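The values are calculated or read from the model by the stated rules, or taken from the named source; none is laboratory data. Note that the structure is predicted; figures quoted are calculated from it, not measured. In this analysis, Cβ positions are derived from the backbone assuming ideal geometry, glycine residues included, and neighbour counts consider all displayed protein chains.
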Amino acid sequence: MGIWDRLVRQATKSRQIPPQREQAVPKKRERGDPLEIGQATDIGKARSANEDAFLTLKSLIGIEPEPLPVGLLIIADGMGGHVKGKEASSTAIRVSSSVIVREILLPLLSSERTVAGSRPVQEVLTEAITAANHAISQLEGDPGTTLTSVLVMGHSAYVAHVGDTRVYYLHHGELRQITQDHSLVERLVELGEISAAEAQEHPQRSFLYRAVGQGTELDVDTHFLRLQEDSYLLLCSDGLWNQVPEKEMVEVIADSLSPQEACGRLIDRANDRGGEDNITLVVARVNY
Amino acid sequence: MPPSEGRKGLLHRIKVAQPSQETSEEPSRESLETERPPGLPPLRGSVPPTDQGASGLSGHVRSEDEFLSPGDTLQDRYEIRKFISKGGMGAVYLARDTRFPKVEKLVAVKEMIRTIRDSVTSRISLETFEREANIVASLNHSAIPKVFDYFHHERRVYLVLEYIEGTDLESLLTEMDYPLPKERVVDWAIQTCDVLSYLHNHKPNPIVFRDMKPSNIMLRHDGSIVLIDFGIAKIFHEGKRGTMIGTEGYSPPEQYRGISEPRGDIYALGATLHHLLTRRDPRKEPPFTFNDHPISAFNPSVTAELQAILSRALAYEMEDRYPSAHEMKLDLLKVARASDRPPSAIISQVSSGSDEREPTWYFTCEDEIRTTPVVYEHGVYFGAYDNSLYSLEAATGKERWKYSTDGGIVSSPCVWNETVFFGSEDQILYAVYVRTGRIVWTCPTNGRIRSSPKPEYDHIFFGSDDHHLYAVSAKSGQELWRFDAEAPIRSSPAIAGEYIIFGCDDGAVYALDVQSGELRWKYQTGRAVQSSPTVAHDMAYVGSGDSSLYALDLENGWPLWRYRTKGRVISSPVVSGNMIFFGSNDHHVYAADARTGALVWKYATKGPVVSSPQVHNEAVYIGSADGHLYSLAAKTGNLLWRFETGGPITGSPAVSGAMVYVGSADHTMYAFPTEPAD
């Protein structure tokens with residue numbers, strides 16, 4: 001117990017002389033960007049329009065001793081055909097991000113570091129998605145969209161999600177899917193009714209039982225994870241995960257010099273394999 | 001298989017598809033992509049359906065003259081009165097049969113338009129339409145619409161049916177804001193089992209309805225029900241597999257493998273009833289998750305018996321369901337009779353034998369016991385309001401020693417390294433030798449101590465009414481640091497890694513660096529925090545006087561979620577697996593999902609629940625100010641057993657070995673066996 005070894009060496013019990021911290025172990029990397037974000041979208045090879053949309057927002061509050069990285073990553077995969085799908089996904093992105101910025105990021109910027117914000121994060125993220133749901137329901141036609149958002153604050157990542165766009169977490173070479181697809185086929189695989197291979201070809205594979213813009217009540221999934229140093233967050237639409245096997249995703253990310261490069265290369269891989277849908281992804285590297 | 005051409009489909013809304021999609025896909029996919037089978041709009045007696053999305057898969061625009069208008073007459077006999085609803089391939093109209101000139105005989109005319117564009121699709125739609133006609137024509141039951149006529153005219157086909165006046169159950173549910181009364185739902189279920197029985201016992205072959213759901217059950221004004229839309233009903237031939245159709249959400253799992261059997265209708269009926277009783281639309285939930293949550297969480301009026309019926313109907317495997325609609329009906333009749341007695345919704349199952357349990361021993365002292373006992377190596381230690389700390393023999397309750405202070409003890413003791421630590425209202429923290437009760441050291445403060453000390457890293461951490469949180473050496477009592485929170489601290493601290501978390505009477509939850517006492521973060525709630533935090537899953541959970549239970553991010557104090565109760569939360573939460581348990585002054589014991597704050601169950605006692613729960617072997621032990629110690633099943637909240645003491649229980653139980661110990665304001669410490677005595 002290192003803490004208590006230091007304790008024994010401590011001269012006085014009073015708070016006025018804080019115990020000496022050990023010298024920080026010098027980092028392998030140079031002073032780089034604590035939270036590096038790459039993002040990209042591509043129409044793919046089979047579709048006539050790109051109905052995906054995304055948003056990335058990053059801020060670094062550079063206060064010693066530790067700067068606080070803050071990031072907002074959102075992707076949306078629209079449906080409804082051509083213009084409608086795009087309208088749905090971009091509305092979702094704009095409406096949900098403005099709620100999050102207003103209710104979490106602004107208070108974060110305006111108060112002291114040690115004072116925690118007052119509204120529960122999951123409530124705000126859920127409210128952001130239900131606001132998007134409401135806005136899209138007002139649009140003409142019958143458009144819908146998936147919506148997957150991640151808020152990063154220091155070492156905490158808060159996820160709110162609807163649909164089959166995914167969040168993965170990559171650490172120590174292990175890729176873990178954080179979100180659950182709200183697709184019929186996913187449930188059938190889970191229950192052992194069909195195999196994962198059958199799922200790839202299943203005629204109802206793009207059927208969702210939950211999407212944004214469909215009606216009044218919407219159940220939003222939330223997740224919370226602790227981020228470790230040297231790890232990655234990956235958000236992507238099914239245009240990526242349906243085409244590129246997970247092993248390859250890990251290789252490309254680990255192999256690339258930057259998250260932005262990884263994004264470009266993964267899009268190429270998806271297109272090489274047919275590019276049957278729009279491809280959108282965001283890769284964030286945690287360097288702190 | 002070709003790549004999925006279409007956009008993503010929403011299972012319960014129709015997607016606007018490309019016109020070419022219709023022709024390029026096989027019938028099985030086609031029928032899945034529409035909410036209703038092709039060519040068969042729902043037969044409704046009411047105004048156009050609430051679900052606007054059910055417009056079928058054709059993307060082409062229909063012109064006005066494709067529909068019949070009021071006044072048009074078919075076959076020189078059926079005079080169209082009004083349009084009722086439209087489907088993808090045709091419409092349903094209300095008409096008058098003029099063959100009976102002196103009376104107003106109203107009928108429903110179902111129309112199917114044969115499109116020229118794709119003859120394959122058209123032929124299949126026609127066959128489906130004819131199949132419905134043939135099936136329904138051969139049936140004779142009061143809950144099935146009668147068929148009167150069937151004919152071709154120009155490029156269209158018509159089915160003339162009995163006009164059912166009423167509302168379908170889906171529309172009814174939408175109109176009402178609350179769950180439908182369970183007695184009515186049970187009554188409709190009994191009627192539906194009747195008609196299913198009739199269909200399943202049809203000779204020569206059973207008929208499987210295949211599309212059981214609220215929108216296909218019409219409720220007449222006299223309370224009788226009618227099953228409508230036989231479009232995809234099918235004559236059942238054992239062993240033959242068909243295509244995958246039906247409505248997602250209500251369809252049984254085996255229907256996805258093309259198996260349609262009478263027991264599939266039972267599953268779908270279970271799904272329908274589940275929807276009506278909980279208001280949760282299965283098309284919007286992950287498929288096949290009906291049995292994941294107890295129904296009583298959504299509708300407390302549902303008894304255990306009714307829940308059991310639905311669970312059996314909704315069994316995943318066919319063999320586990322009711323073998324026939326008749327058997328399900330028998331169970332439903334029992335429930336219908338039983339509902340004359342007032343139901344006790346939440347106290348549902350009681351394990352065999354009585355629900356009371358007798359203590360193994362009990363020990364009485366001179367004043368209230370408000371604190372939680374601690375068990376250490378065959379000894380039970382607890383404080384009482386008579387100023388003493390007691391040490392008893394755990395197996396027998398015999399007193400070993402007691403230590404007297406000058407103030408009441410409401411702080412719970414802790415044990416470390418053969419030493420018992422506890423605080424007293426005489427403002428002093430005591431360290432006393434476990435075996436003999438001999439004093440080891442004392443630490444005076446300037447306020448009463450009601451917070452319970454916690455041992456960690458060879459130090460003792462505790463709060464005092466003098467506004468400070470103290471960190472003192474466990475061996476010597478020497479102070480390491482103290483933190484000034486500027487208001488009394490009655491909550492007990494929790495230590496996790498580098499953090500020490502505690503609540504304060506000023507409503508804030510503090511996180512300090514455990515080594516230095518420096519502030520890391522602070523979260524402000526609305527009222528005093530006297531609940532003690534618990535740390536799990538990288539979160540700090542704590543209740544507040546503002547009636548909420550909070551889940552705070554351990555690193556920065558940001559609240560992840562909050563669960564609101566109707567009374568102050570003084571009880572300290574306990575996490576076991578993915579569930580979190582806690583009590584509220586609103587008399588309830590709550591169980592929620594620790595990651596999202598979603599309620600799993602709640603149990604009503606008759607007094608404020610200030611006590612904190614203990615979880616052991618799938619059972620939750622907790623005391624209430626109503627004087628009872630409760631043992632509830634951790635997964636469902638069902639009562640396992642309880643015991644009534646002579647006064648409120650404000651301390652928490654302690655579980656060790658095969659015993660549970662709890663103190664009461666009736667001056668007594670009790671010990672119970674965790675397993676029933678043989």
Restricting the search to region B:455-475, which residues are assigned to a loop (DSSP other than H, G, I, E, B), of a type outside the set (Asp, Glu) and more than 23 Å from residue B:407 (Cβ to Cβ)?
B:457, B:475
Consider only pairs whose beta carbons are under 6 Å apart and that are at least six residues apart or on different chains; among these, list those whose first residue lies in region A:43-65 and is in a strand (DSSP E or B) and whose second residue is acidic (Asp, Glu).
A:52/A:77
Could you say which residue among B:503, B:463, B:477, B:497 is out of contact with any helix residue (DSSP H, G or I) (no Cβ under 9 Å at 6 or more places or on another chain) and farther than 28 Å from residue B:551 by Cβ?
B:477
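Among strands (runs of 3 or more DSSP E) lying entirely in region B:590-644, which contain 3 or more residues that are modelled with pLDDT of 95 or more and either farther than 20 Å from residue B:576 by Cα or of a type in the set (Lys, Arg) (or both)?
On the way: elements: B:599-604, B:614-616, B:619-623, B:628-633, B:639-644.
Filter on region B:590-644 gives an empty set.
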Residues of region B:488-527 being of a type in the set (A, V, I, L, M, F, W, C), at the interface with another protein chain (Cβ under 9 Å from one of its Cβ atoms) and assigned to a loop (DSSP other than H, G, I, E, B), in sequence order, are B:514
In this structure, is residue B:154 outside the structural domain of residue B:75 (by TED's automatic domain parsing) and surrounded by fewer than 16 Cβ atoms within 10 Å (Cβ to Cβ)?
no
For residue B:446, the lone unmet condition from (1) under 47 Å from the mean Cα position of the chain (by Cα); (2) part of a loop (DSSP other than H, G, I, E, B) is (1)
Six or more apart or on different chains, Cβ atoms under 6 Å: show the pairs whose first residue is in region A:70-91 and closer than 11 Å to residue A:49 by Cα and whose second is surrounded by fewer than 24 Cβ atoms within 10 Å (Cβ to Cβ).
A:78/A:86; A:81/B:16; A:82/A:49; A:84/A:141
So which residues in region B:462-490 are within 20 Å of residue B:543 (Cα to Cα) and touching a Pro at 6+ places or on another chain (Cβ under 7 Å)?
B:462, B:463, B:465, B:467, B:469
So the check is Cβ under 9 Å with 6+ separation or different chains; which pairs have a first residue in region B:448-463 that's at positive phi and a second one that's hydroxyl-bearing (Ser, Thr, Tyr) and surrounded by fewer than 24 Cβ atoms within 10 Å (Cβ to Cβ)?
B:458/B:473
For region A:70-77, does any single residue satisfy the condition of being over 23 Å from residue B:550 (Cβ atoms), under 19 Å from the mean Cα position of the chain (by Cα) and facing chain B (nearest Cβ under 10 Å)?
yes
Take residue A:189 and tell me if it is closer than 25 Å to residue A:120 by Cβ and either more than 20 Å from the chain's Cα centre (by Cα) or modelled with pLDDT under 95 (or both).
no
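Can you say whether residue B:329 is without any contact (Cβ under 8 Å) to a residue 60 or more places away in the chain and not hydroxyl-bearing (Ser, Thr, Tyr), as far as the supplied structure shows? Spell out how you get there, then give the answer.
Values: without any contact (Cβ under 8 Å) to a residue 60 or more places away in the chain: no; not hydroxyl-bearing (Ser, Thr, Tyr): yes.
It is false that residue B:329 is without any contact (Cβ under 8 Å) to a residue 60 or more places away in the chain and not hydroxyl-bearing (Ser, Thr, Tyr).
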Taking region B:255-294 on its own, how many of its residues are within 12 Å of chain A (Cβ to nearest Cβ) and modelled with pLDDT of 85 or more?
4
Identify all residues within region B:532-574 that are over 19 Å from residue A:120 (Cα atoms) and either part of a loop (DSSP other than H, G, I, E, B) or within 14 Å of another protein chain (Cβ to nearest Cβ) (or both); write none if there are none.
B:532, B:567, B:570, B:571, B:572
Looking at B:44, B:99 in this structure, which one is closer than 24 Å to residue B:145 by Cβ and either of a type in the set (A, V, I, L, M) or at pLDDT below 65 (or both)?
B:44
Assess whether residue B:483 counts as being among the hydrophobic types (A, V, I, L, M, F, W, C), within 38 Å of the chain's Cα centre (by Cα) and more than 21 Å from residue B:391 (Cα to Cα).
no
Filter region B:426-460 down to the residues that are over 20 Å from residue B:371 (Cα atoms) and of a type in the set (Lys, Arg), then identify the one that is surrounded by the fewest Cβ atoms within 10 Å (Cβ to Cβ).
B:438
Residues being in a loop (DSSP other than H, G, I, E, B), surrounded by fewer than 21 Cβ atoms within 10 Å (Cβ to Cβ) and touching a residue at least 40 places away in the same chain (Cβ under 8 Å): count how many of those fall in region A:221-258.
4
Looking at (1) touching a helix residue (DSSP H, G or I) at 6+ places or on another chain (Cβ under 8 Å); (2) over 23 Å from residue B:489 (Cα atoms); (3) aromatic (Phe, Trp, Tyr), which one does residue B:590 not meet, given that it meets all the others?
(1)
